[in-house]
Amino acid sequence: MNKWTYKVAGIDVSKIKNVQKAIVDTFSQTLSFREGFGSAFLGAGHYAGLLRIENKKLLAIHTDNVGTKVLVAQAMKKFDTIGIDCIAMNVNDLICVGAEPFAMVDYIALKETNESLVSQITKGLAEGAKSARVAIVGGETAILPDLLAGDKNAFDLSGTCVGFVNEGKLILGQQLKKDDAIIGIESSGTHSNGLTLARKVLLSKHSVNYKIPGTKLKIGEELLRPTKIYCRQILSLIEQGYKITGLAHITGGAFTKLQRISPNNSVGFSLESMPRAPEIFSLIQSEGRISKNEMYRTFNMGVGFCVFAPKSQAKQLVKALYDGGLHSSIIGRVIVEPGVFLDKQLL
């Protein structure tokens, strides 16, 4: 293989977007099926769906999984952190509309009945729930021997999260203005996206036990590092009254995901001061001969979450996040031209 891309690895983002658009178009027809209590306030397309409850209160809902990170867990025979990823992928999206998550249900699919495996998975789910301050109130466990490939430890994991937000405190990106600062908050590594490309690049040449140059960590350990949960700190910023104009969880599609919070592509985003990416990304890029733009379209590159705010508040927010235990920096600004630009080049 001369040069890897996400498409070569089997993930064609442009085709996925077309499928997603078709799904949204179909589901949008259902939004009128219910009126009054529980009616749709905002359908698919943002980070969470929103339903009317009462007195300007809205219920937020989101569902997600951990993708092919489950295959890394199987290769490492380590399953006690993957549940943290499932919680994180859901609650981190939910807070992007300003909602406070409060409950989740999970879905675990198994190759066969496996009490030890389930025990480890649920340990991680409980740990993630504690960090996000959500209650896991139910779920489903399915035994699907004909559907799941692999050994006795084959599984899939997903969840659905609900939260609430007052209509007046919604953060949907509608207040984004030119020159608003983009504050990038550190990730804990690859998180749960881009793993298909990362696995195929790295594990086609090395074992999961190969040590990453410049670190003491094995590839498998680094890829399995749990996704960081940002709930406590982001909700604290909102409670403190900072003027936050947008929030973005950097997941599938990486920094192109910023366009999700730009209503009708009314603004664009210029990434100008990205922090140095962790060594795992350097290894993926060099081993796969991947272009810089492709890396930033696929991986979080060390930035797992973005906060948007007026330039005048940016430094205060960086300090507040640091006080809350998160390292962050000003990585760019909002611009008039639609799109996401890395060092003035369109991603």
Check: Just in the stretch 30-132: which chymotrypsin sites (Phe, Trp or Tyr not before Pro) are loop by DSSP and have at most 13 other Cβ atoms within 10 Å?
Finding: PHE33, PHE37
Next item on the list: Give, in nm to one decimal, the length gained when the segment between ASP179 and LYS15 is fully stretched (0.36 nm per residue of separation minus the Cα-Cα distance).
Entry: 55.8 nm
Notebook entry, point to check: What is the extension gain from LYS315 to TYR210, computed as 0.36 nm multiplied by their sequence separation minus the C-alpha to C-alpha distance, in nm to one decimal?
Noted result: 33.9 nm
Next item on the list: Obtain the nm distance between the two label points defined at ASP343 and ALA126 by a simple spin-label model: each point lies 7 Å from its Cα along the Cα-to-C-beta direction.
Entry: 4.8 nm
Margin query: Of all beta bridges DSSP finds with both residues in the chain, what is the antiparallel percent, to the nearest 5?
Written below: 80 percent
Check: Hey, can you rank 327-338, 180-191 by average C-beta count inside 10 Å, highest first?
Finding: 180-191, 327-338
Notebook entry, point to check: Efficiency by 1/(1 + (r/R0)^6): what FRET value for GLU112 and GLU54, r their Cβ-Cβ distance, R0 = 35 Å, to the nearest 0.05?
Noted result: 0.15
Next item on the list: Could you pull out which residues in the stretch 175-211 have an amide N less than 14 Å from a spot 7 Å beyond the Cα of GLU272, following the Cα-Cβ vector?
Entry: 178-183
Check: For the stretch 196-257, rounded, prolate or oblate, judged on the Cα gyration tensor with a ≥ b ≥ c (square roots of eigenvalues), a/c < 1.5 rounded, else prolate if a/b > b/c?
Finding: prolate
Checklist line | Rg to Rh quotient for the stretch 181-346, alpha carbon positions, Kirkwood Rh | finding: 0.99
Next item on the list: Would you mind listing how long the chain runs along its three principal axes, going by Cα atoms, in whole Å with the largest first?
Entry: 50, 45, 41
Margin query: Given R₀ = 22 Å, what would the calculated FRET efficiency be for THR160 paired with LYS78, taking r from the Cβ atoms and rounding to 0.05?
Written below: 0.30
Margin query: Sequence gap at least 6, Cα distance under 8 Å: using those rules, report the relative contact order of the stretch 181-346 to the nearest whole percent.
Written below: 41 percent
Margin query: Can you tally the lysine pairs in the stretch 142-246 where the Cα-Cα distance is under 23 Å and the two residues are eight or more apart, or on different chains?
Written below: 14
Next item on the list: First check a/c for the stretch 13-103, with a ≥ b ≥ c the square roots of the eigenvalues of its C-alpha gyration tensor; if it is under 1.5, answer rounded, and if not, answer prolate when a/b is larger than b/c or oblate otherwise.
Entry: oblate
Next item on the list: State which helices in the chain qualify, where a helix is a whole DSSP H run, it must extend 15 Å or more along its own axis by its Cα atoms, and its mean Kyte-Doolittle hydropathy must be at least -0.5.
Entry: 13-28, 82-94, 115-132
Item checked: Pairwise FRET efficiency - PHE41 versus ALA142, Cβ, R0 = 45 Å, nearest 0.05 -> 0.90
Check: Taking only C-alpha pairs under 8 Å that are 6+ residues apart, what is the relative contact order of the chain in percent?
Finding: 21 percent
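Just so you know, all these numbers are worked out from the coordinates, no wet-lab data involved. Because the structure is predicted, anything quoted here is derived from the model rather than measured. For neighbour counting, all protein chains shown are included, and Cβ atoms are generated from backbone atoms with ideal geometry for every residue, glycine included.
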